[in-house]
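**Q** Sharing a structure with you now.
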Amino acid sequence: MILKDKLAAQIPKLREEAKNIVSKNGSAVIGEVTVEQIYGGMRGIKGLMCDTSEVGLDTGLIIRGIPILELTDKLPEEIFYLLLTGELPDHEGLVDLQNELKRRMDVPFYVWNVINGLPMETHPMVMLNTAVLVMENESFFKKRYEEGMPKDHLWEPMFWDALNLLARIPVIAAYIYRRKFNKGPRINSDFSLDWASNYARLLGINDPDGSFAKLMKLYLVLHSDHEGGNVSAMATQTVGSALSDMYFAISAGLNGLAGPLHGLANQECLRFILKLRDDIGHPPSDEEVKNYAINLLNNKKVISGYGHAVLRVTDPRFTAFCDFGEQVMKDDEIFRIVRQLYKVVPPILTEQGKVKDPWPNVDAASGALLFHYGMTEFEYYTVLFSVSRIIGLAAQLVINRAMMAPIIRPKSVTTKFVKNAVTPKKEEKKVAK
Ligand code: CMX
């Protein structure tokens, strides 16, 4: 397979490069850790390797050196290829990857039984993650590891696990949508379609002009990766570093994505916009939106879709979604509120003074676009996010296995340790007595 061969050709050089960097500069210091960072979620500590993408404070997401806004016309499969190899595929490479994915789309029958056995009120993220976890039995990595495959080859079964999971995840995710929200029976795949368009078809959303399929392509590209330090990526890579297989590791990441400060924020964000509309009771003026936001902050609530742990500018993914909205649904009532919030919220958050990033993140616009197409079940939005993010999580896992990355094991400290570290003299005196 073209992608796998390309990767196989790159790996020896990458290993050599990493080995040289460490042997020549192993003890070089590239950062420091402050007490504030220990108490503050390790924010900004440089301690993880991730070459698939980077997130600059003032640039947003850059995938393998290419800003995300330059990749909005690409297919998610192309992004997977790019994340893994650092290059976009040519036509042949893309078709080869798409054919591999199509060959692997059959979902094991027991997955349907497991999903059907869950209570209807189960959150769609639990359905998705349960489906991912039960497929662990399918893992090539697990089998090869148990057979004693040498460490330097373990990336290969990891790669095949990634392809299987990527091929099946839209089929499973679409079924969850249809079952959970009573949309009718499962729809069969159309093998002539690309990965995202097929997912759009399987969801069964009415799409006479094909623009929902376009939105799906954009959505699945924009959410695909966000470097290595976010909750889902770090959880995935930490679990993967214990040589847990792809299914265990991705499942861990999806649990993190289900948190309201991370992936679940997209459902919260649309809920917030709908509540704003209902509370105000008519198409709001800018002034009304502003007062509503101020009132929320006065009541110690967060404004969903605003702020970011790393970014300090408008998230370019928000910009990409807004551009799409401007073209396709300029006069949509909910999209209009998204634009109004963008006008009024950043100055309010800036004035309040405590938020480090007053700008919108990706979640501030995505839900409004989905809502426009009748996908009003916002509980499902994090599943969409997951389908996309699995692209990046899987690519990172394959690369980390290829690089024979060691088990992740940072050091924790006690309160006593911190107190001693910040008051060494006092402590020394005590010891001297
Ligand atoms: N509205 C109100 N207050 C906010 C805020 C917002 N949108 N964003 C941050 N703050 C507050 C924080 O709660 C914190 O308050 P306290 O000091 O009282 O605890 C203070 O501002 C400082 O926070 P920060 O350093 O600017 O932000 P963090 O790095 O701690 O958190 C994030 C980042 C995203 C969790 C936070 O901005 C937030 O809760 N935003 C709303 C939820 C959201 O949109 N999440 C989606 C993130 C995208 C993703 O990861 O998928």
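The values are calculated or read from the model by the stated rules, or taken from the named source; none is laboratory data. Note that the structure is a prediction, hence the values are computed from the model and not measured. All Cβ positions, even for glycine, are placed from backbone atoms using ideal geometry, and neighbour counts span all protein chains on display. When the accessible area is computed, the model is the full protein with side chains, heavy atoms only, and any ligands, DNA or RNA have been set aside. Shrake-Rupley method; radii C 1.70, N 1.55, O 1.52, S 1.80 Å.
**Q** To the nearest 500 deg cm²/dmol, what mean residue ellipticity at 222 nm is calculated for the chain from DSSP H runs of n ≥ 4 alone, each contributing -39,500 (n - 2.57), summed and divided by the residues?
**A** Here the helix-only value at 222 nm equals -19000 deg cm²/dmol.
**Q** Alpha carbon centre of the stretch 266-327 versus the stretch 32-53: separation in Å?
**A** With the stretch 266-327 and the stretch 32-53 each reduced to a Cα centre, they are spaced 28 Å.
**Q** Okay, next question. Find out how many positive minus negative residues lie around Gly228, taking Lys and Arg as positive, Asp and Glu as negative, among other residues whose Cβ is under 12 Å from that of Gly228.
**A** That sum, taken over residues with Cβ under 12 Å, equals -3.
**Q** At a 1.4 Å probe radius, which order do Arg43, Arg103, Arg179, Arg339 fall into by accessible area, largest first?
**A** Output order, biggest surface exposure first: Arg103, Arg43, Arg339, Arg179.
**Q** Between Ala8 and Lys46, what FRET efficiency comes out of the Förster formula 1/(1 + (r/R0)^6) with R0 = 25 Å and r the beta carbon distance, rounded to 0.05?
**A** Computed FRET efficiency for Lys46 and Ala8 comes out at 0.25.
**Q** Could you size up the charge dipole of the stretch 232-307 around its Cα centre, putting +1 on the beta carbon of Lys and Arg and -1 on that of Asp and Glu, and report it in debye to the nearest 20?
**A** For the stretch 232-307, the charge dipole is close to 140 debye.
**Q** Which value does Rg/Rh take for the stretch 1-115 over its C-alpha atoms, Rh per Kirkwood?
**A** The Rg/Rh ratio comes out at 1.08.
**Q** Hey, another quick one. When we measure straight from the Cα of Lys151, which lysines land under 26 angstrom away, once same-chain ones fewer than 8 places off are left out?
**A** By straight Cα distance, Lys151 reaches Lys4, Lys6, Lys13, Lys19, Lys24, Lys142, Lys143, Lys411.
**Q** Okay, next question. Heavy atoms of the protein only, probe of 1.4 Å, neighbouring chains included. What is the accessible area of Ile2 in Å², nearest 10?
**A** Around 60 Å² of this residue is reachable by solvent.
**Q** So, counting K/R as plus one and D/E as minus one, what does the shell of residues with Cβ under 10 Å around Lys356 add up to?
**A** +2
**Q** While we're looking at this one, here's another question. Can you give me the accessible area per residue for the chain, using a 1.4 Å probe, in Å²?
**A** Accessible area per residue: 48 Å².
**Q** Stokes-Einstein diffusion coefficient for the stretch 68-177 at 20 °C in a medium of 1.002 mPa s, Rh from the Kirkwood formula over Cα pairs: what value in µm²/s?
**A** Taking Rh from Cα pairs, D becomes 136 µm²/s.
**Q** When only the heavy atoms of the protein chains count and the probe is 1.4 Å, how do Leu94, Leu261 rank by accessible area, highest first?
**A** The ranking, largest first, comes out as Leu261, Leu94.
**Q** What shape does the stretch 282-344 have by the C-alpha gyration tensor, where a ≥ b ≥ c are the square roots of the eigenvalues, rounded means a/c under 1.5, and otherwise prolate means a/b greater than b/c and oblate the rest?
**A** Oblate.
**Q** Can I ask one more? With springs only between Cα atoms under 10 Å apart, run a GNM on the chain and tell me which of Ile399, Ile391, Ile348 wobbles the most.
**A** Ile348
**Q** Hey, another quick one. Please compute the Cα-Cα pair-distance distribution of the chain with 20 Å bins starting at 0, giving whole percents from short to long.
**A** Final binned percentages: 24, 55, 19, 2, 0.
**Q** Just how large is the dipole of the stretch 265-372 about the Cα centre, in debye to the nearest 20, putting +1 at every Lys and Arg Cβ and -1 at every Asp and Glu Cβ?
**A** Here the size comes out at about 380 debye.
**Q** Then there is this: With every protein chain in place, what's the accessible area of Leu393 (1.4 Å probe, Å², nearest 10)?
**A** About 0 Å², rounded to the nearest 10.
**Q** Can I ask one more? Extent of the stretch 265-372 along each principal axis, from alpha carbon coordinates, in Å, largest to smallest?
**A** Here the spans come out as 36, 31, 21 Å, largest first.
**Q** Moving to a separate point now. For the stretch 86-157 and the stretch 392-408, write down the distance between their C-alpha centroids in whole Å.
**A** Cα centroid to Cα centroid, the span is 16 Å.
**Q** Put +1 on the Cβ of every Lys and Arg and -1 on every Asp and Glu Cβ in the chain; which of His123, Leu75, Tyr373 then has its Cα farthest towards the positive end of the dipole?
**A** Looking along the dipole axis, the top candidate is His123.
**Q** A further question follows. Helix by helix through the chain, keep the DSSP H runs that span 30 Å or more along the axis on Cα and average at least -0.5 on Kyte-Doolittle, and give those back in order.
**A** 155-180, 381-402
**Q** Per 0.36 nm of contour for each residue apart, how much would the distance between Asp152 and Asp73 grow if the chain were fully extended, relative to their Cα-Cα spacing?
**A** So the chain would gain 24.9 nm between Asp152 and Asp73.
**Q** Summarise the long-distance tail of P(r) for the stretch 317-433 by giving the % of C-alpha pairs beyond 16 Å.
**A** 76 percent
**Q** Going by the alpha-carbon gyration tensor, a ≥ b ≥ c the square roots of its eigenvalues, is the stretch 73-136 rounded (a/c under 1.5) or, if a/c is not under 1.5, prolate (a/b greater than b/c) versus oblate?
**A** Cα axes put the stretch 73-136 in the prolate bin.
**Q** Which value, in debye to the nearest 20, gives the size of the charge dipole of the chain about its Cα centre, when Lys and Arg are +1 and Asp and Glu are -1 at the Cβ?
**A** 1920 debye
**Q** Okay, moving on. Checking the a/c ratio against 1.5 first, then a/b against b/c, what shape does the Cα gyration tensor give for the stretch 169-323?
**A** Because a/c hits 1.5 or more and a/b fails to exceed b/c, the stretch 169-323 counts as oblate.
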